[in-house]
Amino acid sequence: DDGYRLWLRFDEIASEEVRNDYRQSVGQIFIDGDSPILATAGKELSDGLSGLLGQSVPLLDRAADGPGIIAGIIGQSDLINGWVTTADAEKIQEEGYLLMQKEQNGQQRIVIAAKDERGVLYGSFHLLRLVQTQSALSGLHLIDNPKIKMRVLNHWDNLDRTVERGYAGFSIWDWHQLPEFLDVRYTDYARANASIGINGTVVTNVNANALIFRPDYLEKVAALADVFRPYGIRIYLTARFSAPIEQGGLETADPLDAGVQKWWSDKVAEIYELIPDFGGFLVKANSEGQPGPQNYNRNHAEGANMLADALEPYGGVVMWRAFVYSNEEPEDRAKQAYNEFVPLDGKFRKNVLIQVKNGPIDFQPREPIHPLFGAMPQTPLMMEFQITKEYLGQGTHLVGLAKMYEEVLQTDTYVKGKGSTVAKVIDGSLDGHELSGIAGVANIGTARNWTGNLFGQADWYAYGRLAWDPEIAAESIFEEWTKMTFTHDPEAVSVINNMLATSHETCVRYMTPLGLHHIMGPGHHYGPGPWVSRMPRADWTSVYYHKADEKGLGFDRTASGSDALSQYHPDFQKELRDMDKISHKFLLWFHHVPWDHVLSTGNTLWVELCREYHRGAAAVTAMKEQWNSVSDHIDPGRFRQVAMHLDIQEKEAKWWRDACLRYFQSFSKMEIPADLEQPEHDLEYYESLRFPYAPGIRPRW
Ligand code: BDP
């Protein structure tokens, strides 16, 4: 097995008894209604259940006697209306569904009822998941509504098929052969996304190329949109702010210029002519060299609103990123987005969302939440998570990201009292926003198993499930995924879940323990590089972030330092202000701590740092043993893929540990405790390593 089928594996259930049981309840299907999305639901149910039950589960053209599945839209299907109570119907929202087992007038049914066709599709996938994980259907009665409206993937895919920060091969979009050639992967991609509730995709890189707006490219985009539509997925594009110059031949891209405004309105009209359900634009402006409104002395709101006005007549939105950089190097980059965006709260059009990375720096193994969450109550804020592992072991390390997503989503901002979690900010409930959204930077490529590292599939899966409902516990997502992907053996499931559940903390330990951050190799971000000190900008170096000196280690972001801490709510600050009370997770993020300072563990900072690095590396060795213990339950092809990656991860975890300890030791001048394995090489050796072809580097246009 090579992993191509992801979690959508519908192999025959091993136990005949279980199969027979399901045959009684889901042996036939009737979908009342006719539309491409309903047809998808029917086909998925029929194909999936036929595989699982080992016999054909037919899609009927009318409801037959005898037990089976009926599905349809409330208000449109008389049959469905007859099965759903008003009380239940009222609870179902857009894209949500009711899934129940019910007996009525002597008929046994599994009912999937929704207010719209996407709801029926999502309910169908939920039912498949229940059968795949061998859950009981009798007495089933659940209503599930998505908490977040726009659940999108962001592809950092370039038109030449390279993928920025991609570790799974090349881009799956074959622009050259589009629109005529439609790779079967486009359909399989859409299925996989629909199965976890993802309803949008931005197919182009945030470092955008205006060529996408050329008429022939728009036809290619339209061809992809046509493939995605029956799966309920809308397409979005990144908009390069200077496109009116590059594609329109104008002299300016000033958002207040009438000619520029007209160019965008005309372009948007052209897009909607081809793609009537086009979603809108994602924009990276005035960041890392990307053009933006500030080039014309306009602010982010003026830039975003100009595009929003062009999209508004068609119901399109602008997702405007808060990942900005000033040209001058700031004393603390962590403060910048907040400083630029908070004053603009209330100045954005209704169809603008601000897309904010989970933390204030850049997708580090662990960051505190971004201070913008909760600080712009008048503006819908989108979460941007990275699914691709730019800073977390890239293509080779097993790191269950759902734990990290959960930690971020459940963090309390305190802005409206206790319980004002990040999840409630982004689902719109805290401030009563109509629009809500979440984005995940995709980890998908041409690799046969889609994500390169097999366990990367778990991150894609978990992202979709949390986008649907940010309150789902990571552990229950791991359990679903493991059962759908690998095995039902209870022992093996628990071992694999444990690997997923602990691996994020493990990665933090061997890369950036105690709140360290941004100490990776330069440019490609592969491997350790705490010594990096010469880059075009100081805030691209490592020394800028760890501030190691003979006294101690860490970035003082309290009032005695950059005071970035003051950007958070006072109750949030309280937990972090004091270096003796702060959680060790964020110690060196917010404090410059003396090497000999004694921490709550009883160890000095130096000793704790050494022990954390060693705990991390040791946990990878343990993970290898755990994986070996489940070998009987995994097919040999996939077992080996994972085993080989774990070997690399073990080697690299030790490399991280030894390189970082050697480097920090040159400041602390203290010994690594004698009971710990000593680094194999000296610092010069680690510093001398070069990786000119490490994957995922940004191409220079
Ligand atoms: C950083 C990446 C860079 C991206 C940038 C962004 O290193 O490749 O372009 O973020 O999010 O994480 O725009």
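The values are calculated or read from the model by the stated rules, or taken from the named source; none is laboratory data. Remember, predicted model here, so these are calculated numbers, not experimental data. Here the Cβ is made from the backbone with ideal geometry for all residues, glycine too, and neighbour counts use every protein chain on show.
In the range 305-338, what count of residues is obtained for those that are part of a helix (DSSP H, G or I) and away from the ligand (no atom under 16 Å from the Cβ)?
12
Among the numbered conditions (1) assigned to a helix (DSSP H, G or I); (2) within 18 Å of Ala285 (Cβ to Cβ); (3) of a type outside the set (S, T, N, Q); (4) in contact (Cβ under 8 Å) with a residue 40 or more places away in the chain, tell me where Leu353 comes up short.
(1)
Output yes when any residue across the range 326-335 is over 19 Å from Pro244 (Cα atoms), assigned by TED's automatic domain parsing to the domain that holds Val356 and touching a strand residue (DSSP E or B) at 6+ places or on another chain (Cβ under 8 Å), and no when none is.
Checked the range 326-335: no residue is over 19 Å from Pro244 (Cα atoms), assigned by TED's automatic domain parsing to the domain that holds Val356 and touching a strand residue (DSSP E or B) at 6+ places or on another chain (Cβ under 8 Å).
Given (1) within 25 Å of Leu435 (Cβ to Cβ); (2) within 16 Å of the ligand (Cβ to nearest atom); (3) in contact (Cβ under 8 Å) with a residue 60 or more places away in the chain, where does Glu288 come up short, assuming only one miss?
Result: Glu288 passes all but (1).
Only residues that are touching a residue at least 24 places away in the same chain (Cβ under 8 Å) and either within 16 Å of the ligand (Cβ to nearest atom) or over 23 Å from Glu273 (Cβ atoms) (or both): list them for the range 162-184, please.
Hits for the range 162-184 are Thr162, Val163, Glu164, Arg165, Gly166, Tyr167, Ala168, Gly169, Phe170, Ser171, Ile172.
Working only within the range 132-175, note down all residues that are under 17 Å from the mean Cα position of the chain (by Cα) and charged (D, E, K, R).
Listed by number, the residues that qualify are Lys147, Lys149, Arg151, Asp157, Glu164, Arg165.
Kindly establish whether Arg151 is within 30 Å of Tyr22 (Cα to Cα) and of a type in the set (D, E, K, R).
Against the criterion (within 30 Å of Tyr22 (Cα to Cα) and of a type in the set (D, E, K, R)), Arg151 does not qualify.
Taking the residues in the range 220-258 that are under 15 Å from Thr204 (Cβ atoms) and of a type in the set (D, E, K, R) as candidates, determine which candidate is nearest to the chain's Cα centre (by Cα).
Arg234
Among (1) modelled with pLDDT of 95 or more; (2) in a loop (DSSP other than H, G, I, E, B); (3) within 16 Å of the ligand (Cβ to nearest atom), where does Ile369 come up short?
(3)
Which condition number in (1) more than 16 Å from the ligand (Cβ to nearest atom); (2) more than 30 Å from Ser265 (Cα to Cα) is the one that Ala190 fails?
All conditions pass for Ala190, except number (2).
Name the pairs: first residue in the range 538-553 and under 23 Å from His524 (Cα atoms), second residue among the aromatic types (Phe, Trp, Tyr), Cβ to Cβ under 7 Å, at least 6 apart or on different chains?
Short answer, once both residue conditions are applied: Ala538/Tyr544; Ser542/Trp531; Tyr545/Phe555; Lys547/Phe555; Ala548/Phe664; Ala548/Phe667.
If a residue has to be in contact with a helix residue (DSSP H, G or I) (Cβ under 8 Å, 6 or more places away or on another chain), free of Cβ contacts under 8 Å to residues at least 12 places away in the same chain and either basic (Lys, Arg) or surrounded by 18 or more Cβ atoms within 10 Å (Cβ to Cβ) (or both) to count, how many in the range 568-585 make the cut?
1
In the range 40-62, how many are in contact with a strand residue (DSSP E or B) (Cβ under 8 Å, 6 or more places away or on another chain) and either surrounded by 18 or more Cβ atoms within 10 Å (Cβ to Cβ) or outside any loop (DSSP other than H, G, I, E, B) (or both)?
9
Tell me, please, whether a residue that is of a type in the set (Gly, Ala, Ser), over 20 Å from His518 (Cβ atoms) and surrounded by fewer than 21 Cβ atoms within 10 Å (Cβ to Cβ) can be found in the range 661-672.
No - not one qualifying residue is present in the range 661-672.
Take the residues of the range 253-267 that are of a type in the set (Gly, Ala, Ser) and free of Cβ contacts under 8 Å to residues at least 40 places away in the same chain: which is surrounded by the fewest Cβ atoms within 10 Å (Cβ to Cβ)?
In this case the residue turns out to be Ala258.
Let me confirm something: among Thr388, Thr411, which residue is away from the ligand (no atom under 16 Å from the Cβ) and either within 27 Å of Tyr526 (Cα to Cα) or of a type in the set (Val, Ile, Thr) (or both)?
Criteria check complete, one pass: Thr411.
Of the conditions (1) within 16 Å of the ligand (Cβ to nearest atom); (2) touching a residue at least 60 places away in the same chain (Cβ under 8 Å); (3) out of contact with any Leu (no Cβ under 8 Å at 6 or more places or on another chain), Thr396 satisfies every one except a single condition; which number is it?
Only one criterion is unmet by Thr396, namely (1).
When you go through Leu565, Leu605, Leu588 one by one, which is the residue that is without any contact (Cβ under 8 Å) to a residue 40 or more places away in the chain and crowded, with 19+ Cβ neighbours inside 10 Å?
Only one candidate passes the filter, namely Leu565.
For the range 22-39, which residues satisfy the criterion of being over 15 Å from Ile70 (Cα atoms) and in a loop (DSSP other than H, G, I, E, B)?
Of everything in the range 22-39, just one residue is over 15 Å from Ile70 (Cα atoms) and in a loop (DSSP other than H, G, I, E, B), namely Ser35.
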